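A.B. asks: Here it is, the structure, as structure tokens.
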Amino acid sequence: MTLLQTLLAFAVVLGVLVIVHELGHYLLARWCGVKVLRFSVGMGPVIWSRRFGVDQTEWAVSALPLGGYVKMLDAREEDIGELSEQELQREFTHQPVMKRIAIVLAGPVANFLLAILIFAGLYMHGVPEIIARVTVKQNSSASVAGLKTGDLITSVNGTELQTWSDLRWELMHAVMDKRPAQLAILRPTSAGNQEILNINLPTTEIATADLDEHLMDKLGLDTAKPKAKFSQIMPDGPAARAGLQAGDVIVRINGDLVENGIEMVTRLQNSAGQTLTLEGLRAGQVFSVQIMPEAERVGERTVGRIRAQIDTTAELITVSENLPVAIAKGATKTWDTSAMSLAMLGKMIIGEASLKNITGPITIADYAGQTARSGLISFLSFMAFISISLGVMNLLPIPVLDGGHLLYYSLELLTGRPVSQRVSDIAQRAGVGILMVLMAVAIFNDIARLVS
């Protein structure tokens, strides 16, 4: 079932993004008066097609489910010797160079617009996100800098933030730019208030080549964990017999400090059949009880159970905006993500970032399945990020990609004459070779992730 969900999620992501991308080319071509012969989802042999419209454009599904294309009336591919003068005016290479640039650019732009619309819709709906309150690991860079567990980070290098994803994003920028992160934090005090502090977190020791999903762990930061608080006590279980109540907060087990609910769950699970002394707070008053977790077989191991529910949910904030602000934030996020992708690509080219950051269809399919199982918000967010990646990739100046064609037409605009067919053919073969190498690296990375 999980494999089927993953494949379906991948098909939806890939199908939507390819259709949107090719619709960008198609609509601009039609608007510019160019005749479209075929709109294909997929590459290779056509396995299904229908013809519609005044031009009897062929709408097709092709055998290889990676990518798609819009085939226009083009003198480089079609015999135009017998075409009427009216038909010749609708041929692609007869169009002014600016029209050709617009048609080629429309595909990536459509992907960016889709990402903006998805982000805007999510912001209007309201996106629950983990707040930027941190747990700090001992002897880590963050700990040495002066950060403490429970600190709420409100800005990085002057950029205000609310959520954990915002914090990670700004710290990635700091690492990429090789500069320290100036943090503004709110720290709870013993008097119940909060003090405002500024802390300089060094990030230059994090190599750009190691910039991956483990960045926060390398800095010694993790999301804040909730206190060890009972949300529900089951009747007739060890917790109920010991007199524990919903709302009780446990601070010590057998004299050892318990910092959060996850830590308490682990301790209880590892103490089957052992008598434990729990010290906690109930309505501000200190109490102490003794309890023996029942032994329960789970798979091949025995765990302790006390028949109580402990709140381990991270502290969340719902980010919600009105339409104009949501669109603006969606556009900003799309721009920032595109810029970060290009910067990362540049770092990989000069050897400052690892080629392990290149992912292929296997990893994309895996993430598509994971986000689909997490819920619609996660799935749509993932789709937006992949749409941005597709737009950025297609703008790269590699022959056979949209960016390669844009390079040709830009040279034509500068020199006043088109790139020669011989140069174009050589560049096309080189472009195919580059793409094959990139695909090989991506698939190698995918397989390495699966077996690691």
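A.B. asks: Testing V258 on (1) buried (at least 16 other Cβ atoms within 10 Å of the Cβ); (2) more than 31 Å from the chain's Cα centre (by Cα); (3) modelled with pLDDT of 90 or more; (4) not hydroxyl-bearing (S, T, Y), one condition comes back false. Which one is that?
C.D. replies: Exception for V258: condition (3).
A.B. asks: Additional query: For G391, indicate whether it is buried (at least 18 other Cβ atoms within 10 Å of the Cβ) and in a helix (DSSP H, G or I). Write out each step before concluding.
C.D. replies: On the way: buried (at least 18 other Cβ atoms within 10 Å of the Cβ): yes; in a helix (DSSP H, G or I): yes.
When the stated conditions are applied, G391 passes them.
A.B. asks: While we're here: Given the options S288, S271, name the one that is more than 20 Å from G150 (Cα to Cα) and not in a strand (DSSP E or B). Spell out how you get there, then give the answer.
C.D. replies: Details: S288 fails: not in a strand (DSSP E or B).
Of S288, S271, the one residue that is more than 20 Å from G150 (Cα to Cα) and not in a strand (DSSP E or B) is S271.
A.B. asks: Then there is this: Taking into account only those residues within the stretch 104-128 that are outside any helix (DSSP H, G or I) and at negative phi, which is surrounded by the fewest Cβ atoms within 10 Å (Cβ to Cβ)? Can you show your working first?
C.D. replies: So in the stretch 104-128, the residues outside any helix (DSSP H, G or I) come out as 126-128.
From what's left, at negative phi: 127-128.
Numbers: V127: 20, P128: 12.
Looking at the filtered set, the residue picked out is P128.
A.B. asks: Continuing with the same structure: Would you mind stating whether A240 is among the hydrophobic types (A, V, I, L, M, F, W, C) and more than 22 Å from T135 (Cβ to Cβ)? Before the answer, list the steps.
C.D. replies: Working: among the hydrophobic types (A, V, I, L, M, F, W, C): yes; more than 22 Å from T135 (Cβ to Cβ): yes.
When the stated conditions are applied, A240 passes them.
Rundown of residues vs (1) touching a residue at least 12 places away in the same chain (Cβ under 8 Å); (2) surrounded by 14 or more Cβ atoms within 10 Å (Cβ to Cβ); (3) in contact with an Asp or Glu (Cβ under 6 Å, 6 or more places away or on another chain), yes/no style:
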site	(1), (2), (3)
L215	yes, yes, no
L219	yes, yes, no
D222	yes, yes, no
K225	yes, yes, no
F230	yes, yes, yes
D236	yes, no, no
L244	yes, yes, no
I250	yes, yes, no
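A.B. asks: Next up: Just to verify a result, which residue in the stretch 129-148, among those that are of a type in the set (A, V, I, L, M, F, W, C) and in a strand (DSSP E or B), is nearest to the chain's Cα centre (by Cα)?
C.D. replies: First, pick out the residues of the stretch 129-148 that are of a type in the set (A, V, I, L, M, F, W, C): 130-132, 134, 136, 142, 144-145, 147.
So of that shortlist, the ones also in a strand (DSSP E or B) come out as 130-131, 134, 136.
Values: I130: 15, I131: 18, V134: 21, V136: 24 Å.
If we take residues in the stretch 129-148 being of a type in the set (A, V, I, L, M, F, W, C) and in a strand (DSSP E or B), then I130 is nearest to the chain's Cα centre (by Cα).
A.B. asks: Filter the stretch 111-154 for residues that are out of contact with any Leu (no Cβ under 6 Å at 6 or more places or on another chain) and among the small types (G, A, S); which is nearest to S320 (Cα to Cα)?
C.D. replies: The extreme case among them is G126.
A.B. asks: Step by step: first the residues of the stretch 17-68, then only those that are touching a Leu at 6+ places or on another chain (Cβ under 6 Å) and touching a residue at least 60 places away in the same chain (Cβ under 8 Å), then the one that is nearest to H94 (Cα to Cα). Which residue is that?
C.D. replies: Ranking the candidates gives V20 first.
A.B. asks: Still on this structure: So, in the stretch 23-64, exactly how many residues are of a type in the set (F, W, Y) and within 27 Å of V97 (Cβ to Cβ)?
C.D. replies: Taking the stretch 23-64 first, the residues of a type in the set (F, W, Y) are 26, 31, 39, 48, 52, 59.
From what's left, within 27 Å of V97 (Cβ to Cβ): 26, 31, 39.
Total satisfying the criteria: 3.
The values are calculated or read from the model by the stated rules, or taken from the named source; none is laboratory data. Keep in mind the model is a prediction, meaning the values are calculated, not measured. All Cβ positions, glycine included, derive from the backbone under ideal geometry; neighbour counts span all protein chains shown.
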